[in-house]
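Please read the structure below before turning to the comments.
The values are calculated or read from the model by the stated rules, or taken from the named source; none is laboratory data. As the structure is a computational prediction, the values presented were derived from the model and not from experiment. Cβ placement follows ideal geometry from the backbone for every residue including glycine, while neighbour counts extend to all protein chains displayed. Remember, those area values only see protein heavy atoms, side chains included, never the ligands or the DNA or RNA. Shrake-Rupley method; radii C 1.70, N 1.55, O 1.52, S 1.80 Å.
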Amino acid sequence: MAVAAGSVVLALISYLELVKAKRILKDVSRAIAGKDVPIIKVLDVLKDMKRDLEGKYEEAIHSRENMRIILQNISDGIIILDRSGRILMDNSAARELFGIKEEKSDGKKLVELVDNYELLSFADKNLKSFKSDSTEISIIYPKKRFVKCDAIPVILSKKEEVLIILIKDITKERELDSARREFISNVSHELKTPLTSIHGYAETLLDDDFSDLETAKHFLNIIEAESARMGRLINDLLDLQKIEEGKAVFNFEEVEIDEVIKYVSRIVKPMAESLGVDVKISCDSGVVVNGDFDRLVQAILNLTDNAIKYTSQKEKGEKHVELLCDVSEKECTLSIKDTGPGIPANSIPRLFDRFYRVDKARSRKVGGTGLGLSIVRMIIEKHKGRIEVSSEEGVGSEFKIFLPILTKG
Ligand code: ADP
């Protein structure tokens, strides 16, 4: 549609030039042949013609300019080529994608302005075949991008042949695809590991004559632990998916933060004791947030559970975990601080990614799924809060949750 309008304008301009010349010749020769026409009349005719032509010419320029503005505002890239590969028109989206810097591209050959080999050979091939075609192209310069190109051959009203190349940026779709692939491969791997172990121990037990009951019990314990881990993994995955898709129901109400902390404390204290980790918990009463009680418990429990379990893995040194609450004008800060093994600085940016673990063996030992922190972050974001982490290897870690408050007590 846009191209047709552009070419009509181009055709109109040349047509007007032709009409202009023909009419001038005709009228002037008629005026001179019929001596009865005074020269002043001839001049008047010429003046009128000039004015008329100028008006039409202006109109044509105006329409062409409008065409240009419309093209520039289309978010997909568009390049229109004549059969010799010269650019008739292009828009800013196409120029940006392929890094075309020159102000005036009209009339230049595509090869003079673009150095993307894939685009050039796609254009070349389709200028020769003059058939519809499509391809995906990767762009390195000026930015790494993936685009889908469609070649559309068009024959205009005056038999003028042009090739339109439509360019759609599909970088996001590609990235999502690769994230999905990575996710599936991670899930398969995560499930395969416990399954292999369950299968192996079950097979050994089946071949066993149960003469050594202690060993048999040990194998059964492993089978139980691994299947429990698989169950946790599946639950975490389902939970993550539900929150991500907005299907998880969050019952927002006024929640007293110290009630959440007390609840978490009741769960973690016996576990910490059995793992030899000293836990200190304190929180002023009266701090109220707009939240989902169970989800807040889940998030804080997850962080405290991590702190206790990873600290318990430390070979020497003090084993402390602190769960504290601080409040300012607009928000409360929940801090979960430990004297555990700490997290290397280069791992911190990836810590909340699904399945990311600093130390796979250590995470396995504590029964981790690698999904806990991703879930925590999502829960906190649902509460319009944020989470931060600071850590020093060999010294300990501190996770801080910031939540907007309704009342500060
Ligand atoms: P996991 O189920 O493996 O614990 P998480 O998502 O909860 O998964 O945590 C991701 C990784 O972050 C863990 O595998 C661990 O390496 C690291 N991590 C989390 N919390 C702590 C902590 N308090 N101290 C040291 N490392 C931690």
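Across the stretch 164-212, the number of residues qualifying as without any contact (Cβ under 8 Å) to a residue 12 or more places away in the chain, under 30 Å from Ala228 (Cα atoms), assigned to a helix (DSSP H, G or I) and of a type in the set (Asp, Glu) comes to 3. If the condition is being more than 9 Å from the ligand (Cβ to nearest atom) and either surrounded by fewer than 18 Cβ atoms within 10 Å (Cβ to Cβ) or assigned by TED's automatic domain parsing to the domain that holds Arg180 (or both), then the stretch 337-349 contributes Pro344, Ala345, Asn346, Ile348, Pro349. Total residues in the stretch 298-336 satisfying the condition of being open to solvent by less than 10 Å² (accessible area, probe 1.4 Å) and not in a strand (DSSP E or B): the figure is 7.
For the subset of the stretch 384-404 comprising residues that are more than 31 Å from the chain's Cα centre (by Cα) and open to solvent by less than 90 Å² (accessible area, probe 1.4 Å), which member is nearest to the ligand (Cβ to nearest atom)? In this case the residue turns out to be Gly396. Could you go through the stretch 266-279 and let me know if any residue there is in a strand (DSSP E or B) and either assigned by TED's automatic domain parsing to the domain that holds Arg362 or touching a Cys at 6+ places or on another chain (Cβ under 8 Å) (or both). Yes. Only residues that are charged (D, E, K, R), open to solvent by less than 70 Å² (accessible area, probe 1.4 Å) and not assigned by TED's automatic domain parsing to the domain that holds Ile380: list them for the stretch 213-259, please. If the condition is that a residue be charged (D, E, K, R), open to solvent by less than 70 Å² (accessible area, probe 1.4 Å) and not assigned by TED's automatic domain parsing to the domain that holds Ile380, then Glu226, Arg229, Asp236, Asp239 are the ones that fit. Evaluated against (1) farther than 24 Å from Phe355 by Cα; (2) β-branched (Val, Ile, Thr); (3) assigned to a helix (DSSP H, G or I), Thr135 falls short on exactly one condition, (3). Among residues of the stretch 99-142 being closer than 23 Å to Glu173 by Cβ and among the acidic types (Asp, Glu), the one that is surrounded by the most Cβ atoms within 10 Å (Cβ to Cβ) is Asp133.
When you check Lys360 against the structure, is it more than 8 Å from the ligand (Cβ to nearest atom) and either among the basic types (Lys, Arg) or touching a residue at least 12 places away in the same chain (Cβ under 8 Å) (or both), yes or no?
Working: more than 8 Å from the ligand (Cβ to nearest atom): no; either among the basic types (Lys, Arg) or touching a residue at least 12 places away in the same chain (Cβ under 8 Å) (or both): yes.
Here the answer is no, as Lys360 does not meet what is asked.
If I filter the stretch 55-69 for residues that are modelled with pLDDT of 85 or more, in contact with a helix residue (DSSP H, G or I) (Cβ under 8 Å, 6 or more places away or on another chain) and part of a strand (DSSP E or B), do I get at least one hit? Among the residues of the stretch 55-69, not one is modelled with pLDDT of 85 or more, in contact with a helix residue (DSSP H, G or I) (Cβ under 8 Å, 6 or more places away or on another chain) and part of a strand (DSSP E or B), which makes the answer no.
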